[in-house]
């Protein structure tokens with residue numbers, strides 16, 4: 001149960017922050033946001049606030065901000081809604097006899113006007129024409145710019161052409177698309193700054209900040225503030241040198257030269273050997289001596305450390321993404337290189353077991369990962385749509401509607417297939433342990 005709760009929190013925070021970036025940038029650019037959704041699939045909650053429906057959907061595999069875009073309605077330039085000539089619908093008129101609501105759901109409300117659709121335009125000229133009085137009269141009604149269409153129990157505001165995503169400048173479109181990944185990096189940055197402010201910043205110098213009770217280091221006589229000068233005759237200049245030389249010991253006794261209060265002293269200790277199993281079931285040895293680096297505290301240093309940590313994880317994840325694509329062409333690709341919702345759930349459970357601070361750090365790492373993954377230049381992701389926008393900026397015209405539609409649809413199908421394969425692989429791996 002703990003794992004499920006943590007997974008929901010982690011997923012909700014990371015996805016919400018990402019979509020909030022798109023949402024804020026779109027609203028500031030004048031782009032209509034019809035829906036702010038967390039999850040995909042059937043909706044389990046929705047509430048309309050202003051122009052936007054805020055929804056939570058069943059499948060925890062992402063989220064989206066629905067911004068109308070006539071680029072993807074090239075077969076129906078008038079309206080994205082499935083309204084057909086001869087269709088029976090209901091209209092709610094305001095005091096000026098302009099259409100306030102178009103109800104596609106069945107309704108017995110006697111205050112609504114029942115019409116049989118003849119012609120309509122909910123994008124450019126904003127009108128709807130139909131037969132009233134049992135088909136005897138043909139009337140034409142002006143549709144308000146903020147009118148709503150009611151379908152499947154949800155109201156959605158119509159999108160006049162000037163409010164559509166595709167009607168805005170390439171600069172506004174670029175900012176709106178990039179804002180989602182950018183917010184993920186901002187979230188990670190604030191998390192890493194906060195954690196460093198609370199936990200302190202480990203200095204690079206090989207100075208002991210903590211000695212674990214009953215550990216090999218304590219038994220050997222190592223104390224807080226000791227500076228490690230050598231391990232088995234090898235000069236130690238930074239903390240990473242300590243880790244690498246302990247690993248080289250293979251669990252055998254090592255000679256440690258320390259400096260304490262200006263005096264040098266030689267101590268002997270034997271690292272503690274721990275055997276852990278990898279995801280593939282292979283045994284792997286780790287060696288511990290029970291020491292931790294000395295830490296410093298301070299607001300400015302926390303900011304610097306937060307930036308460095310964000311950059312570190314960004315670099316590691318970016319190299320992983322590049323390596324992933326390289327493995328596709330080299331023939332070394334494996335589904336084990338990827339992780340879907342099941343893997344995120346599993347890792348969230350492990351993080352939760354290690355405490356609240358580890359869980360918060362995991363949110364930061366996952367946020368960086370989501371930001372970078374969304375910048376991959378394939379059409380269904382933000383990165384692909386950014387490529388479309390940059391093409392428009394360079395060549396002063398957008399890529400054709402059909403090309404954008406078919407490329408996006410194709411990659412959407414491929415990504416869905418990949419997601420299903422990765423999820424099945426994660427489930428199989430989980431139950432094979």
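Results for (1) assigned to a strand (DSSP E or B); (2) within 30 Å of residue 33 (Cβ to Cβ); (3) out of contact with any strand residue (DSSP E or B) (no Cβ under 6 Å at 6 or more places or on another chain), shown as yes or no for each residue.
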| residue | (1), (2), (3) |
| --- | --- |
| 155 | yes, yes, no |
| 171 | no, yes, yes |
| 174 | no, yes, yes |
| 182 | no, yes, yes |
| 185 | no, yes, yes |
| 189 | no, yes, yes |
| 192 | no, yes, yes |
| 208 | yes, no, no |
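Just so you know, in the stretch 56-69 the residues that are touching a residue at least 24 places away in the same chain (Cβ under 8 Å) and assigned to a strand (DSSP E or B) include one that is farthest from residue 401 (Cα to Cα), and it is 60.
Considering each of 310, 286 in turn, give the residue that is in a strand (DSSP E or B) and either in contact with a helix residue (DSSP H, G or I) (Cβ under 9 Å, 6 or more places away or on another chain) or surrounded by fewer than 14 Cβ atoms within 10 Å (Cβ to Cβ) (or both). Answer to the check: 286. Might you let me know whether the stretch 275-285 holds any residue that is modelled with pLDDT of 90 or more and closer than 23 Å to residue 242 by Cβ? Among the residues of the stretch 275-285, not one is modelled with pLDDT of 90 or more and closer than 23 Å to residue 242 by Cβ, which makes the answer no.
I need the full set of residues from the stretch 327-344 which are more than 20 Å from the chain's Cα centre (by Cα), surrounded by 12 or more Cβ atoms within 10 Å (Cβ to Cβ) and free of Cβ contacts under 8 Å to residues at least 24 places away in the same chain, in order please. Answer for the stretch 327-344, where residues must be more than 20 Å from the chain's Cα centre (by Cα), surrounded by 12 or more Cβ atoms within 10 Å (Cβ to Cβ) and free of Cβ contacts under 8 Å to residues at least 24 places away in the same chain: 327, 333. Looking only at the stretch 352-364, decide whether some residue is at pLDDT below 90 and either under 16 Å from residue 430 (Cα atoms) or part of a helix (DSSP H, G or I) (or both). Within the stretch 352-364, one or more residues are at pLDDT below 90 and either under 16 Å from residue 430 (Cα atoms) or part of a helix (DSSP H, G or I) (or both).
Among the residues of the stretch 290-301, are any surrounded by fewer than 12 Cβ atoms within 10 Å (Cβ to Cβ), touching a strand residue (DSSP E or B) at 6+ places or on another chain (Cβ under 6 Å) and at pLDDT below 85? Break it down stepwise before answering.
Step one: list which residues in the stretch 290-301 are surrounded by fewer than 12 Cβ atoms within 10 Å (Cβ to Cβ), which gives 299-300.
From the residues that got through so far, the ones that are touching a strand residue (DSSP E or B) at 6+ places or on another chain (Cβ under 6 Å) too are none.
The answer is no; no qualifying residue exists.
Between 347, 372, 419, which is under 22 Å from residue 18 (Cβ atoms), touching a strand residue (DSSP E or B) at 6+ places or on another chain (Cβ under 8 Å), touching a residue at least 12 places away in the same chain (Cβ under 8 Å) and in a helix (DSSP H, G or I)? I'd like the intermediate steps shown before the answer.
Values: 347 fails: touching a strand residue (DSSP E or B) at 6+ places or on another chain (Cβ under 8 Å); 372 fails: touching a strand residue (DSSP E or B) at 6+ places or on another chain (Cβ under 8 Å).
Of the residues listed, the single one that is under 22 Å from residue 18 (Cβ atoms), touching a strand residue (DSSP E or B) at 6+ places or on another chain (Cβ under 8 Å), touching a residue at least 12 places away in the same chain (Cβ under 8 Å) and in a helix (DSSP H, G or I) is 419.
Scanning the stretch 252-264 for residues that are over 14 Å from residue 224 (Cα atoms) and in contact (Cβ under 8 Å) with a residue 24 or more places away in the chain turns up 255, 256, 257, 264.
The values are calculated or read from the model by the stated rules, or taken from the named source; none is laboratory data. The model shown is predicted, which means the values in this text are computed figures rather than measured ones. Neighbour counts are summed over all protein chains in view; Cβ atoms, including those assigned to glycine, are modelled from backbone coordinates with ideal geometry.
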